[in-house]
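Take a look at the structure set out below.
Quick note: the coordinates plus some simple rules give every number you see, no bench work behind them. These numbers come from a predicted model, not from an experiment. With ideal geometry, Cβ positions are generated from the backbone for all residues, glycine too; neighbour counts draw on all protein chains shown.
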Amino acid sequence: FLTPLYFMEGGSMEQEMGELRRYRTQSISRGEFSLSDSFYFYIKGLESIVDDQVTQRFSSEELVSWNLLTRTNHNFHYISLRLTIIWGLGVIIRYCVLFPLRITLAIIGLTWLVIGTTLVGFLPNHRLKNWLSELVHLMCYRICARGLSATIQYHNKENKPQKGGICVANHTSPIDIVILANDGCYAMVGQSHGGLMGVIQRSMVRSCPHVWFERSEMRDRNAVTSRLRAHVAAKTNLPILIFPEGTCINNTSVMMFKKGSFEIGGTIYPVAIKYDPRFGDAFWNSAKYNMVNYLLRMMTSWAIVVNVWYLPPMTRREGEDAAQFANRVKSAIAHQGGLLDMAWDGSLKRAKVKEEFKEQQQKMYSSMVMGKKGRNSQEPHTESTRRQ
Amino acid sequence: MGSTNSTLSKIPNVEELVQETGFTPAHIVRLYDRFEALDKEKTGHLRPQDFGAINRLAINPIGDRIIGAFFSPGQETVDFHSFVRILAHFRPADKKRPKDPSMPEPVNSRTSKLKFAFQLYDQDKDGKISRAELLQVLRSMLEMQVTEEQLESIADRTIQEADLDTDDAISFEEFRKSLEKVNIDHKMSIRFLR
């Protein structure tokens, strides 16, 4: 059916340039320019026009064999009548049987969340209140998870995030929250919305502290950091849940973690989340689908099958700055979840890329041409060649 | 229902495109999907800004020139057919194809690829790479890393080596000659468009 989309990245700049110049009698170390040097950049440029690794991360993972969902069917060839009939049956089951059941469950779950948390909110601050609040939250998230037919397997539960800590995970979809909250209670962090989301947010806050920011507050990084710090410092507060990539990635790799979350202090509890793509594609491509459309697709998939690994807690080492710490945590998560550890920034999805990357390439090339000893510059991006 | 077939039917003159470029229908569909993905405003055409949004291209030192290769002089947009035709130049050569002198030269031949590479340097399309044009390319690739003198001496040396008729510029024939030992098919082909 389908051929996987990945391709060999090709050699490093040095390797490729070396091959280009092989016919010349001088060695690379002598430097010098060759007219064919530009071919390297030319071809890399064309390859990125035809496809590029980074943009790939923002589209859904391709499957090796079809799972009977039209949406994962990229290169459809009409194979046989039998397959089409099976597919048709699948559609009927998913849309007419599973979907209504799931929608009902989801509505029940959310309604109960609002009612339950509001009721608990009337109680005075007491251990009982906290216990009830956790109960209500857990119950609702579990109902919602059923509403998605989510099958979650938790590993290494002994490393579960503790109160006063910060839970950090890779981000694939808004459903991540439901997945994690099925097994423990977290303080959510996010922007306060209006509408239905706003109602849910406000009622949640009544029963236990979450951290909702106004849109204007989000821009002031210091304000954000200090509010989170205050939350963490109160050791009785639930662990905060943060997704440092800043945006949804397609669950085949982990992109650069924003260092802001790692400047707050406190203990970091990394969590790796890996969805099984065969049953349903959980990735939210926010450019392509809005939230409602996305949830509809979720509820008409076969199931959401997830593996969650709780990693041992990490703290910042002496002499390590926030960015290095962030990278260390990211690698741990990528390694555990079997995801590619990419140094690209998730915000590349939206913003223009930094000039620094271009400069790095120029630096590398210039050291070849000028024959300097400066062969110490690394490739602009580190990509582990391991692929699941 | 079917992706490939319905996509194929959306593209006008597919047969012609397949004949001309040597891409398989599956490749063309893939390129069409890519074209649509880049064409964010769904105009059916790509403008230089749409290429500029590709991150890896934006950090390529000669990214602007590569984008320029897609737009004929005076044109501000490129349609799908032109997009595919230009990319067809970089298809790896068909090893099995017999060398038939009566057939027109395939679009992805060695000469064709070299012509493209030549045009990268020869921006004013006068058939020669002047010293100034060479300096421009060098500047893009080296920018802040070397001094102007070093750039000039590199340019001088390169022209000296390649310029056989001593007109202080590199013609296409001289360009071709100086690269005769380079495996152009390997180095100027996009690998996964096989």
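Computed about the Cα centre, the dipole magnitude for chain B is approximately 1180 debye when only Lys and Arg (+1) and Asp and Glu (-1) carry charge, each at its Cβ. Per-residue ellipticity at 222 nm, computed for chain B from helices alone with -39500 (n - 2.57) per DSSP H run of at least four residues, works out to -15000 deg cm²/dmol. Think of the stretch B:1-76 as having a plus end and a minus end, set by charges on the Cβ of Lys, Arg, Asp and Glu; of B:38, B:55, B:18, B:55 sits farthest toward the positive end of this dipole. Look at the Cα gyration tensor of the stretch A:136-260: its axes a ≥ b ≥ c give a/c under 1.5, and that counts as rounded. Along chain B, counting only GluC sites (Glu not before Pro) with a DSSP assignment other than H, G, I, E or B and at most 12 other Cβ atoms inside a 10 Å radius, the longest segment between sites is B:77-179. Qualifying GluC sites (Glu not before Pro) in the stretch A:156-235, where qualification requires a DSSP coil assignment and no more than 13 other C-beta atoms within 10 Å, comprise A:214. Qualifying chymotrypsin sites (Phe, Trp or Tyr not before Pro) in the stretch A:190-270, where qualification requires a DSSP coil assignment and no more than 15 other C-beta atoms within 10 Å, are lacking entirely. When you filter the trypsin sites (Lys or Arg not before Pro) in the stretch A:180-264 for DSSP loop state and at most 10 other Cβ atoms inside 10 Å of their Cβ, you are left with A:235. With both labels modelled 7 Å from their Cα along Cα-to-Cβ, the residue A:317 to residue A:127 distance reads 4.0 nm. Looking at this model, which pairs from A:274/A:330; A:288/B:40; A:163/A:330 are more than 18 angstrom apart at the alpha-carbon? Over 18 Å Cα-Cα: A:163/A:330. The modelled label-to-label distance between residue B:124 and residue B:79, using points 7 Å beyond Cα along the C-beta direction, is 3.3 nm.
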